[in-house]
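Here the structure is laid out as structure tokens; the discussion comes afterwards.
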């Protein structure tokens, strides 16, 4: 698959793909006459990278993970631990965001109650 097709598939720019390649989290991308041709394995890695970035995981984490991945099966436990650590951090961020969301909802309900009260008072004044 060519770079344009990959960009469309994952809704990312060619510059982003080239950057990922430059920093080593995408590697060994085959070329045909200088044109990148992404394999199914490359697409799986791009999908993983995009999902991890969308979840807020850092480029440094991805670099570290991919370096271990490239070293082979002997790094499986280290890679798993990296993922577990990131999962724990992400779960904590979700808890914090959920708490913030609940506070926002409370505040919105508070304003809704004030608006209803004000509208009721206006209606009573108009009836006088």
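What follows draws every value from the coordinates through simple rules; no lab data is involved. Quick caveat: nothing in here was measured; it's all calculated off a predicted structure. Neighbour counts are summed over all protein chains in view; Cβ atoms, including those assigned to glycine, are modelled from backbone coordinates with ideal geometry.
The table that follows gives values for the structure above.
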read-out	value
Segment 40-128 - convex hull of alpha carbons, volume per residue in Å³	111
Residue 105/residue 58 FRET efficiency (R0 30 Å; Cβ-Cβ; nearest 0.05)	0.50
The chain - percent relative contact order, Cα under 8 Å, separation 6 or more	16
Distance in nm between pseudo-label sites at residue 92 and residue 113 (7 Å out along the Cβ direction from Cα)	3.4
Tilt relative to the chain, helix 59-71 - C-alpha long axis, 0 to 90 degrees, to 10	30
Highest average packing first - 48-58, 116-126, Cβ atoms within 10 Å	48-58, 116-126
Principal-axis tilt of helix 76-127 within the chain, Cα atoms, nearest 10 degrees	20
Cα pair distances in segment 79-128, grouped into 5 Å bins until the bin that holds the longest one, percent each	5, 18, 11, 12, 9, 8, 9, 6, 6, 5, 4, 3, 2, 1, 0
